[in-house]
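J.: I'd like to ask you about the structure that follows.
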Amino acid sequence: DLLEAAYQSRNITIDFAKAGTWGRQYNRYTAFFNAALQGNVRMFEAIAERPVATTAKAISLITLPSIGLYLLNRDIPEYYEQPRWKRDLFWMIPAMIGGKQSWYLIPKPFELGILFGTTVERFMEYTDTHDKAAFDKLAARAFDAGMPSMLPTVLTPFIEIAANKNYFTNRPIVPRGEED
């Protein structure tokens with residue numbers, strides 16, 4: 001059925017055209033605002049419609065690779081030298097390039113990547129180290145990954161420069177040693 005095929009094609013990922021009046025207007029000023037909201041809606045719909053299948057897919061496609069890569073990386077000291085945001089948001093595949101440790105980065109899915117990947121990696125890190133810092137700011141990372149920015153995109157660079165803080169990496173733009 002052509003109508004059913006059209007409906008399914010719009011729901012295969014997220015429906016970028018689906019938005020309320022307020023969301024459509026706000027999306028003009030904040031990049032990907034509606035996409036972030038629709039991603040959350042689609043995730044909850046998938047879990048509600050097919051909880052077992054969705055969970056099985058998430059475990060097989062997110063949790064298992066996360067466990068495997070954590071086990072591969074946990075004995076590499078340079079892995080822990082990488083910023084927490086990078087370890088949380090990417091699967092990091094180790095590679096030696098020119099005798100130096102390097103990484104291939106594969107982005108994790110936003111919401112499900114935090115829930116089914118990063119959370120598991122942090123739990124495994126805690127079981128290895130018994131350091132409760134493994135769970136530091138995990139809720140904040142999940143919130144940041146799942147919630148759209150409320151700040152208009154055009155203002156973001158100016159606010160970051162004034163505050164000397166990159167809000168994505170949560171680090172200073174100008175390092176302390178280079179200030180003044």
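The values are calculated or read from the model by the stated rules, or taken from the named source; none is laboratory data. On a predicted model such as this, the values are computed, not experimentally measured, just so you know. Using ideal geometry, Cβ is built from the backbone for each residue, glycine included, and neighbour counts are taken over all protein chains shown. The protein model used for the area step is the full one, side chains on, heavy atoms only, and it has no ligands, DNA or RNA in it. Shrake-Rupley method; radii C 1.70, N 1.55, O 1.52, S 1.80 Å.
J.: Among Leu151, Leu138, Asn166, pick out the residue whose Cα is farthest towards the positive end of the charge dipole of segment 120-180, where Lys and Arg carry +1 and Asp and Glu carry -1 on C-beta, about the Cα centre.
T.: With unit charges placed on the Cβ atoms, the residue in question is Leu151.
J.: Taking the full set of protein chains and a 1.4 angstrom probe, give the accessible area of Asp144 in square angstrom, rounded to the nearest 10.
T.: Answer for Asp144: close to 100 Å² accessible.
J.: Work out the FRET efficiency for Asp128 and Arg171 from their Cβ-Cβ distance, taking R0 = 30 Å, and round it to the nearest 0.05. All intermediate terms of the calculation are to be shown ahead of the outcome.
T.: Working: r = 25 Å, r/R0 = 0.84.
Calculated transfer efficiency: 0.75.
J.: Taking 0.36 nm per residue of separation and subtracting the Cα-Cα distance, what length does fully extending Thr21 through Phe143 add?
T.: Numbers: separation 122, 0.36 × 122 = 43.92 nm, distance 2.42 nm.
Length gained, Thr21 through Phe143: 41.5 nm.
J.: If you don't mind, there's one more thing I want to ask. Can you show me the helix-derived [θ] at 222 nm for the chain, built from DSSP H runs with n ≥ 4 at -39,500 (n - 2.57) apiece and divided by the number of residues, rounded to the nearest 500. Please report the intermediate quantities before stating the final value.
T.: Numbers: 11 runs with 93 residues, N = 180.
Helix-only estimate at 222 nm: -14000 deg cm²/dmol.
J.: Students sometimes get this wrong: rank Met147, Met43 by accessible area, probe 1.4 Å, all chains present, largest first.
T.: Working: Met147 90, Met43 20 Å².
These residues rank, largest area first, as Met147, Met43.
J.: A further question on this structure: Rounded to the nearest 10 Å², what accessible area does Thr30 show when all protein chains are kept and the probe is 1.4 Å?
T.: 0 Å²
J.: Tell me the carbon and sulfur percent of the accessible area for segment 96-180, rounded to whole percent, probe radius 1.4 Å. Walk me through the intermediate numbers first.
T.: Values: 3870 of 6010 Å².
Accessible surface attributable to carbon and sulfur in segment 96-180 totals 64 percent.
J.: Using a probe of 1.4 angstrom, how much of the accessible area of segment 1-81 is carbon and sulfur, in percent?
T.: 65 percent
J.: Over segment 30-135, give the accessible area per residue in Å² for a 1.4 Å probe, as an integer. Walk me through the numbers on the way to the answer.
T.: Details: 5960 Å² over 106 residues.
It amounts to 56 Å² per residue over segment 30-135.
J.: So what's the chain giving for Cα Rg divided by 2.2 N^0.38 Å, two decimals?
T.: Against the compact-globule rule of thumb, the ratio is 1.22.
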